[in-house]
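*Asks:* One structure follows; several queries about it will come next.
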Amino acid sequence: MAGEITALHKRNPIKNTVGNVAAQRRRQHAVSVAKERREATFRTKRRCNEIVNIDMDDVATNGDMMIEEEPSVLEAQTSSAVENLKLALSLKGKDAVQNKVNALRDLRRLLSRSDFPVVEIAIKRGAISLLSQCLSFGSEDEQLVEAAWCLTNISAGKSEETKALLPTLPLLIAHLGGKSSLSVAKQCAWALGNVAGEGDELRDLLLSQGALRLVARMMMSDDASTVRIASWVLSNFIKGSDPETAAELVKIDGVLDAILLHLKKPDVELTTEVAWVVAYLSASDVAASMLIKTDVIQVLVGRLASSNSLQSLIPLLRSLGNLMASDDYTTDDVLVPGHEITDSIIRSLSKCLKSDHRGLKKEAAWVLSNIAAGSAGHKQLICKSEAASILLKLLNTEQFDLKREVAYVIGNLCVGPADDGSRRPSLLMDHLVSFVRNGCLNGFIHLVRSADSEAARIGLQFIQLVLRGMPDGEGQKLIEGADGIDAIEMLQYHENDDLSMMAGFLLDSYFGETNGLDE
């Protein structure tokens, strides 16, 4: 019948919730990391204000220069620093190396400032070509690190400042190749991470020059800071809607083993960076299918249960949600009802739903919606847990975007697989009656009244479940008592044809006579 709401089906890679709704939008949720959450926990570009574990005497003390606060003085100091570097590069003799290091250090300290446009001045004075000369092979490590450090902070600036590094990219990449020390490689990788974070064009250029495999090799290091930097750089390489780079990365020998090894370590900062790599990999179907064959789900669930760090919880949730959405295997064969791992993840998700951080609650609801799209056993487990009462509270009290995510969970909990091979979903009566009688209906009607088409569709779908499933015709009375008829009528002539037909179907089928339509 036209306008009738059809059954659940699995979307790729997001499992459907209450009916066939907004597949593309949910796909974007799996692939992307919302900007406000991403900026809070994991910056695309990073300025380097501390030295990267260089095994030499303290390079930050000798020959310190006084940095003034006045803009005119800072501008003069920056110009002078570039000129001093140019002079140092022309000198010969036993003090030549130390003169270059001192000049580089002075310039680097100025470039580490973020409150004055020092970078722009340095670029105009020709700093890029001078720094490129300082990266030549055979130079002292101290010089190489300082030069790469300067380039790191230049690349952390505006788009045009990052693009100014183009002439230096081949040398920065070459220093990852094993002939340079670990300290030099780490600082060069950091600079390349900033370049990759600028956008697709520069990222693709780095990938075409072989940077992915070289940075991936750094993941196999035992040095924690090396792995943290490499993980962040790889995240900038593989983020986005193109899954090919993620698929290429996961096929590099040793990468998956390294990821699992580092995820199990107690270093929270390290595991957070590695979890972001998994989050981006899991948005690729190819990479996700390879991750699922490992014990990554068990490791992620264990980390989720033990972590209290917001920065760590978000990528852990994103990774788990993507993996559940990519394949039924995760839900059906790993998160089996009755197993401790399944109980653990539901407890952890309930904990996240009680957080004060709205973004964390939204992520947790999204993961829970994918579990709720599983078997009847999964649905029953959630309904018997603390999560059920938390979901009801969130639906009625939270802001719109979280309310909509929670509605997906509750809707999924109330429907089962289609009966008799039809597309019409079966109802889980006990779940539906419990949620409705505990006050969820007003939350769904609020969604029907919203300007968001996806939310309105979820609300209409749940209203149909209530009309179909509540015993003794109670559904019609409940909808009418909650001003649901008025909300449905608002969508009768909606510009979205699907919403319009759904609203018309519900009014004709359940309220035709009492709604005055015959007149």
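*Asks:* Within the stretch 330-349, which residues are buried (at least 19 other Cβ atoms within 10 Å of the Cβ) and either in contact with a strand residue (DSSP E or B) (Cβ under 7 Å, 6 or more places away or on another chain) or not in a helix (DSSP H, G or I) (or both)?
*Replies:* Of everything in the stretch 330-349, just one residue is buried (at least 19 other Cβ atoms within 10 Å of the Cβ) and either in contact with a strand residue (DSSP E or B) (Cβ under 7 Å, 6 or more places away or on another chain) or not in a helix (DSSP H, G or I) (or both), namely Leu335.
*Asks:* Does Ala96 qualify as being open to solvent by less than 30 Å² (accessible area, probe 1.4 Å), more than 30 Å from Gly210 (Cβ to Cβ) and at pLDDT below 95?
*Replies:* Taking the combined requirement at face value, the residue satisfies it.
*Asks:* Just to confirm my filter: which helices (runs of 4 or more DSSP H) fall fully inside the stretch 390-479 and include at least 2 residues that are among the basic types (Lys, Arg)?
*Replies:* The qualifying helices (runs of 4 or more DSSP H) are 400-413, 453-469.
*Asks:* Exactly one of these conditions fails for Ser180: (1) assigned to a helix (DSSP H, G or I); (2) of a type in the set (S, T, N, Q); (3) open to solvent by 20 Å² or more (accessible area, probe 1.4 Å). Give me its number.
*Replies:* Every condition holds for Ser180 apart from (1).
*Asks:* Continuing with this model, one more query. Quick one: what pairs do we get from the stretch 122-147, first residue of a type in the set (A, V, I, L, M), second surrounded by fewer than 18 Cβ atoms within 10 Å (Cβ to Cβ), C-beta under 6 Å, 6+ apart or different chains?
*Replies:* Leu130/Lys86
*Asks:* I've got another one for you. Within the stretch 192-234, take every residue that is outside any helix (DSSP H, G or I) and closer than 19 Å to Ile252 by Cα and give me the one that is least open to solvent (accessible area, probe 1.4 Å).
*Replies:* Among those residues, the one meeting the criterion is Met219.
*Asks:* State whether the residues of the stretch 316-329 include one that is in a helix (DSSP H, G or I), closer than 22 Å to Ala376 by Cβ and without any contact (Cβ under 8 Å) to a residue 12 or more places away in the chain.
*Replies:* Scanning the stretch 316-329, I find no residue that is in a helix (DSSP H, G or I), closer than 22 Å to Ala376 by Cβ and without any contact (Cβ under 8 Å) to a residue 12 or more places away in the chain, so the answer is no.
*Asks:* Hey, Gln464 hits all of (1) open to solvent by 20 Å² or more (accessible area, probe 1.4 Å); (2) of a type outside the set (D, E, K, R); (3) more than 20 Å from Thr397 (Cα to Cα) but one; which does it fall short on?
*Replies:* Looking at each condition in turn, Gln464 falls short on (1).
*Asks:* Does at least one position in the stretch 350-358 carry a residue that is modelled with pLDDT of 95 or more, open to solvent by 10 Å² or more (accessible area, probe 1.4 Å), outside any loop (DSSP other than H, G, I, E, B) and under 24 Å from Val250 (Cβ atoms)?
*Replies:* No, because not a single residue in the stretch 350-358 is modelled with pLDDT of 95 or more, open to solvent by 10 Å² or more (accessible area, probe 1.4 Å), outside any loop (DSSP other than H, G, I, E, B) and under 24 Å from Val250 (Cβ atoms).
A quick yes/no check of all residues on (1) touching a Cys at 6+ places or on another chain (Cβ under 8 Å); (2) modelled with pLDDT under 95; (3) aliphatic (A, V, I, L, M):
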| residue | (1), (2), (3) |
| --- | --- |
| Leu360 | yes, no, yes |
| Leu391 | no, no, yes |
| Leu394 | no, no, yes |
| Glu405 | no, no, no |
| Leu413 | yes, no, yes |
| Met429 | no, yes, yes |
| Phe435 | yes, no, no |
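*Asks:* Somewhere in the stretch 303-311, is a residue in contact with a His (Cβ under 8 Å, 6 or more places away or on another chain), surrounded by 16 or more Cβ atoms within 10 Å (Cβ to Cβ) and part of a helix (DSSP H, G or I)?
*Replies:* Scanning the stretch 303-311 turns up at least one residue that is in contact with a His (Cβ under 8 Å, 6 or more places away or on another chain), surrounded by 16 or more Cβ atoms within 10 Å (Cβ to Cβ) and part of a helix (DSSP H, G or I).
*Asks:* When you scan the stretch 374-387, do you find a residue that is open to solvent by less than 10 Å² (accessible area, probe 1.4 Å) and closer than 25 Å to Leu507 by Cβ, even just one?
*Replies:* No, that holds for no residue.
*Asks:* Continuing with the same structure: Which of the residues that make up the stretch 467-477 are surrounded by 17 or more Cβ atoms within 10 Å (Cβ to Cβ) and touching a residue at least 40 places away in the same chain (Cβ under 8 Å)?
*Replies:* Correct list: Leu467, Gly469.
*Asks:* List pairs: first in the stretch 342-361 and more than 18 Å from Met324 (Cβ to Cβ) and in contact (Cβ under 8 Å) with a residue 60 or more places away in the chain, second open to solvent by less than 10 Å² (accessible area, probe 1.4 Å) and β-branched (Val, Ile, Thr), Cβ under 8 Å, 6+ apart or cross-chain?
*Replies:* Gly359/Ile314
The values are calculated or read from the model by the stated rules, or taken from the named source; none is laboratory data. As the structure is a prediction and not an experimental result, all values here were calculated from the model. Cβ atoms come from the backbone with ideal geometry, glycine included; neighbour counts cover every protein chain shown. Just the protein is used for accessible areas: all its heavy atoms, side chains included, with ligands, DNA and RNA removed. Shrake-Rupley method; radii C 1.70, N 1.55, O 1.52, S 1.80 Å.
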